[in-house]
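The structure under discussion appears below in the form of structure tokens.
FYI, it's all coordinate maths here, none of it is from the lab. These numbers come from a predicted model, not from an experiment. A quick note on method: Cβ atoms are made from the backbone with ideal geometry, for glycine too, and the neighbour counts reach across all protein chains shown.
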Amino acid sequence: MIPIDGLVIGGKQDYDLFREDTEGQAGMAFAGVPGSMRDGGGAGSDGETTVASAPGVFEAYRPRRVLFLSPYRGMAADVERLTASGVEVRTAGPLPRFSPRRIHPPIVDMQHADRGFTAMLEMSRDADFGEPVYLRVISSPDGGRWSKWWCAFRQCRMAGALLGARLRRIYVASTGSADRGHVSITLKTERDSTGHLLVASRGSGLRDDVFFLGTGGTLAGDALLNRPGVYDGSNYRLLPDPALRRLADLWNADAVAELNGAEYRFYYGLLRAIGRASRSGIGICLDYPGV
Amino acid sequence: MAYRTYGVLLVSFSRHSHQRSFVPAFVDHPRVRIVGVADDKDIDPYLEPLNRSWADRLGVPYHQGIEAAVRRSEVDIVSIGHEIERRAEIAMMAADAGKHLWIDKFIGADMDECNAVVDAVDGSGVSTILPSYVYNDLVNQFRRMISTGFLGELTAMHVDILFAKGIPRSISKARWKTDFLPPGRWKFPDIKREILTVGAYAVALVQQCFEPIAEVYGQGGAYFFPEHAAHGADDFGTLTLVDRSGRVASISAGRSGIASHGAGGPNQAYLFGTKGTGRIDGKRPGVDTHLRNRIVHGDFSVGDDDPMQWHSGPPTLLASTGPDFSTEALKDLVNALDTGGSPRYTVHDARDLMEVLLAGYDSIVRHGSVQLPVRGKEAS
């Protein structure tokens, strides 16, 4: 047994995003969700221990706390077991398959770990930006429908923060299924600002391409320009994100998303809407609770 | 074999049309010649001197009265740059006279007019083209990307097209008309409806690669300009389109204000496929122009005589080097006339385009999605 302080469970994209941060921290390990590390990625803080899947890792490492960045089948049981044994657990989205009898650990707002987001939020609150009018975010997570749902959840939370207002209504359209699914969310806030949140089916290098319009101008976080790249023999290859994300920030109290029961139901409704819209080819409107 | 030359009649240089931007393509094409300028007898006071000045500049006669001018023997093609409310009537008249049609952006102001134009054209055998939509570099790059096969099967798209023009200002809620203005009235003395004006380019791009649109969800009511808010009319809006096979396109379009973008406003698309995600910038290829004097002394003022900058543009930091869309469109039309083929974007496409845009407006008014077809005929 190798006791460690923190264990992070995620997909390949999560690993790439937080690699520089986790590798620099003693007592921190990263484990791939089942099926996510087929190409051999994933390593412990000492750079030697490669882990294959989450469940077996719990016994091997006995972490004090565990952060789930991507959902997987069987995750709810793992969360339950960890919580029962006194491990502090946080997740980056709601547990799939809601049950009122189940333990629901705190959900973190992932943008708290993203310095790009923090900078954009700060600039958007400058008087020069004026009133927010439109926000467009494109992301492309690894994984299937649950991963896309968590991504949409994260985007909704991010939109509420950047637009400075609660969501009022969303329209969900989607096409394709599982890891080939594309989700398009059109949103309106209580202050009438609008947005598109898009979860792409392919392109794991595309994490949060942001285009944000205010009456005073534009803020943009270009996923391509913000990453270094290499021209090799025949192609242009993007390198992993520079160290713009800090896992430690996700353990702070202010990183926890304050969701009431109606908001939980809204986000489970979003998961169902993604599936139904894809099957029917018809978009679905959802009202945000409390409006 | 000597190919024939085609005579073009320019009908109106109205302030809301792009007639003036078409002129260089007509002048430069070796087999096209401008043979006259025409307009109605009873027109806005500003317009007649403008029309006449263009006729003088081009060395061609100015005709008062459109129908007689259209029927002249030297006219083969009628370039319609009249106000949107007059375009259908002029198009039908010209088609009836056997003249080919070059139409600026819209063939009518509502579905009845659009359907009437399509019927008139179908019965006449003339060729038609709307040059503004599919000959630009956004579409060219899009087609190239699809043809590489890198994307796999296209499943979704997103398009941002915005004009960085005009000066947004803070908006008093007291002057904010809360009910969104239904479709039908497209312009006021101080504003134009921008989902129609700008969103049309994005919808046309979607048309190029999707099946007919089956569902539209529109959203408006977020404003940059107090002038638009006061009318409850769009300076900006979003559309989400679902086609018959379930593919999804999202669009943002409008007028976002001067200096809000280095190249005069984004003109970009994201293409989502089963194998990858592509990104296209319609303002590129280009040359980045960070020239100190132009930036430090750049004139970002907006004249009182053109507050929305319908006839002017801001200094930009990018010089696009792509092809001129009017020139490319004219080549396509001349080729179609020579061969008996059809240009890439005709009145049929324009009719479907208007149906999608109108559905978007209806969706905003109803606060819900709209299924197509809702008005008149099935998509072409």
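Could you give the distance between the Cα centres of the stretch B:94-155 and the stretch A:213-291, to the whole Å?
36 Å
Kyte-Doolittle cut-off -0.5, length cut-off 30 Å along the helix's own axis using Cα: show which whole DSSP H helices in chain B pass.
none
Sorted from largest down, what three extents in whole angstroms do the Cα atoms of the stretch A:135-236 have along their principal axes?
50, 36, 16
By how many nm would the segment from residue A:26 to residue A:256 lengthen if fully extended, with 0.36 nm per residue of separation less the alpha-carbon distance?
Length gained between residue A:26 and residue A:256: 80.4 nm.
Expressed in whole Å with the largest first, what are the equivalent ellipsoid semi-axes of chain A derived from the C-alpha gyration tensor as the square root of 5 times each eigenvalue?
29, 23, 19
Return the Cα extents of the stretch B:6-126 along principal axes one, two and three, sorted largest first, each rounded to a whole Å.
36, 33, 24
I'd like the Karplus ³J(HN,Hα) series for the stretch A:188-198: coefficients 6.51, -1.76, 1.60, θ = phi - 60°, whole numbers in Hz, and an x wherever there's a Gly or Pro.
For the stretch A:188-198, the Karplus curve yields 9, 9, 4, 9, 6, 5, 10, x, 10, 10, 10 Hz.
Would you be so kind as to identify which of B:154, B:259, B:62 lies farthest towards the positive end of the dipole of chain B, taking Lys and Arg as +1 and Asp and Glu as -1 on Cβ and the Cα centre as origin?
With unit charges placed on the Cβ atoms, the residue in question is B:259.
Cut-off is 10 Å between beta-carbons; in what order do B:297, B:82 appear when sorted fewest neighbours first?
Starting with the residue having the fewest Cβ neighbours, the order is B:297, B:82.
Just the Kirkwood number for the stretch B:208-249, please: inverse of mean 1/r across all distinct Cα pairs, in Å, one decimal.
The Cα-based Kirkwood calculation yields 11.7 Å.
Can you tell me the dipole magnitude for the stretch B:58-139 around its Cα centre, using point charges on the Cβ only (Lys, Arg +1; Asp, Glu -1), in Debye to the nearest 20?
Dipole size: approximately 300 debye.
Under the definition of partner shielding as Cβ atoms of other protein chains within 10 Å of a residue Cβ, what is the mean value for peptide B:242-252?
Partner Cβ neighbours, averaged per residue: 6.
Relative to the Cα centre, what is the charge dipole magnitude of the stretch B:6-126, using +1 at the beta carbon of each Lys and Arg, -1 at the beta carbon of each Asp and Glu, and rounding to the nearest 20 debye?
Taking the Cα centre of the stretch B:6-126 as origin, the dipole is about 640 debye.
Between residue B:73 and residue B:331, 0.36 nm times their residue separation minus their Cα-Cα distance comes to what?
Extra length from residue B:73 to residue B:331 when fully extended: 90.6 nm.
Could you pull out every residue, at least 5 positions away or on a different chain, whose amide H is within less than 5 Å of the one on residue A:108? Hs are placed 1.01 Å off N in the peptide plane, and Pro or chain starts have none.
Excluding prolines and chain starts, which carry no amide H, the hits are A:91, A:92, A:93, A:257.
Once both axes come from the Cα atoms, what is the angle between helix A:12-23 and the longest principal axis of chain A, in degrees from 0 to 90, rounded to 10?
60 degrees
Using alpha carbons only, how many degrees (0 to 90, rounded to 10) separate the axis of helix A:145-163 from the longest principal axis of chain A?
That works out to roughly 50 degrees.
Would you mind calculating the gained length between residue A:220 and residue A:98 on full extension (0.36 nm times residue separation, minus the Cα-Cα distance), in nm to one decimal?
Net length gain for the segment: 40.4 nm.
Using DSSP to call loops (not H, G, I, E or B), can you name the chymotrypsin sites (Phe, Trp or Tyr not before Pro) in the stretch A:105-196 whose Cβ has at most 10 other Cβ atoms within 10 angstrom?
none
Name the residues whose placed amide hydrogens come within less than 5 Å of the amide hydrogen of residue B:110, ignoring near sequence neighbours (fewer than 5 apart) on the same chain.
none
Could you give the nm distance between label points at residue A:115 and residue A:232, where each point is 7 Å from its Cα heading toward the beta carbon?
Computed distance between label sites residue A:115 and residue A:232 equals 2.7 nm.
Which distance in Å, rounded to a whole number, links the C-alpha centroids of the stretch B:246-265 and the stretch A:84-132?
Each part's Cα centre sits 28 Å from the other's.
Can you tell me the relative contact order of the stretch B:6-126? Whole percent, Cα pairs under 8 Å, sequence separation 6 or more.
The normalised contact order for the stretch B:6-126 reaches 27 percent.
Have a look at A:104, A:4, A:221 and report the one farthest towards the positive end of the charge dipole of chain A, computed about the Cα centre with Cβ charges (Lys/Arg +1, Asp/Glu -1).
Positive-most Cα among the choices belongs to A:104.
Residue A:9's amide H: which non-local residues (gap 5+, or another chain) put their own amide H closer than 5 Å, with H modeled 1.01 Å from N in plane and none for Pro or chain starts?
Long-range HN contacts for residue A:9: A:31, A:67, A:68, A:69.
Not counting the cut sites, what is the longest span of chain B without trypsin sites (Lys or Arg not before Pro) that DSSP labels loop and that have at most 11 other Cβ atoms within 10 Å?
Looking at chain B, B:42-380 is the longest stretch - no exposed trypsin sites (Lys or Arg not before Pro) with at most 11 other Cβ atoms within 10 Å.
Show which lysines lie in cross-link reach of residue A:148 when reach means a straight Cα distance below 16 angstrom and same-chain residues fewer than eight apart are skipped.
Residue A:148 reaches A:12.
Rounded to the nearest 20 debye, what is the charge dipole size of the stretch B:224-290 about its Cα centre when +1 sits on each Lys and Arg Cβ and -1 on each Asp and Glu Cβ?
So the magnitude is around 400 debye.
Under the rule of -39500 (n - 2.57) per DSSP H run of 4 or more residues, summed and divided by the residues of the protein assembly as shown, what mean residue ellipticity at 222 nm is obtained, to the nearest 500 deg cm²/dmol?
Value at 222 nm, helices only, nearest 500: -9500 deg cm²/dmol.
Using the Karplus equation 6.51 cos²θ - 1.76 cosθ + 1.60 (θ = phi - 60°), what ³J(HN,Hα) coupling, rounded to whole Hz, does each residue of the stretch A:61-70 give in order, writing x for Gly and Pro?
Couplings: 10, 6, x, 7, 8, 9, 10, 9, 9, 9 Hz.
Provide Rg over Rh for the stretch B:272-380; use the alpha carbon set for both Rg and the Kirkwood Rh (inverse mean inverse pair distance).
Across the stretch B:272-380, the Cα-based Rg/Rh ratio is 1.08.
May I ask for the net charge around residue B:134, where only other residues with Cβ less than 10 Å from the Cβ of residue B:134 are counted and Lys, Arg are +1 while Asp, Glu are -1?
-1
For the charge dipole of the protein assembly as shown, defined by +1 on Lys and Arg C-beta atoms and -1 on Asp and Glu C-beta atoms about the Cα centroid, which residue among B:221, A:27, B:322 has the Cα displaced farthest towards the positive pole?
A:27
Need one word for the stretch B:249-311: rounded, prolate or oblate. Basis is the Cα gyration tensor (sqrt eigenvalues a ≥ b ≥ c); a/c below 1.5 gives rounded, then a/b vs b/c decides.
The shape class here is oblate.
How many lysine pairs in chain B, separated by 8 or more positions in sequence or lying on different chains, have Cα atoms less than 19 Å apart?
Going through chain B pair by pair, I get 9.
Any idea what angle helix A:261-280 forms with the longest principal axis of chain A, computed on alpha-carbon atoms, 0 to 90 degrees, nearest 10?
80 degrees
Is chain B best put as rounded, prolate or oblate by its Cα gyration tensor, with a ≥ b ≥ c the root eigenvalues, rounded for a/c under 1.5, and otherwise prolate when a/b is larger than b/c, oblate when not?
Rounded, because the longest to shortest axis ratio a/c is under 1.5.
Tell me, what HN-Hα J-couplings in whole Hz come from the Karplus equation 6.51 cos²θ - 1.76 cosθ + 1.60 at θ = phi - 60° for each residue of the stretch A:93-110, using x for Gly and Pro?
Using θ = phi - 60°, the values come out as x, x, 5, x, 6, 5, 9, x, 7, 7, 6, 10, x, x, 9, 9, 7, 4 Hz.
May I ask for the distance between the Cα centers of the stretch A:134-148 and the stretch B:267-334, given as a whole number of Å?
29 Å
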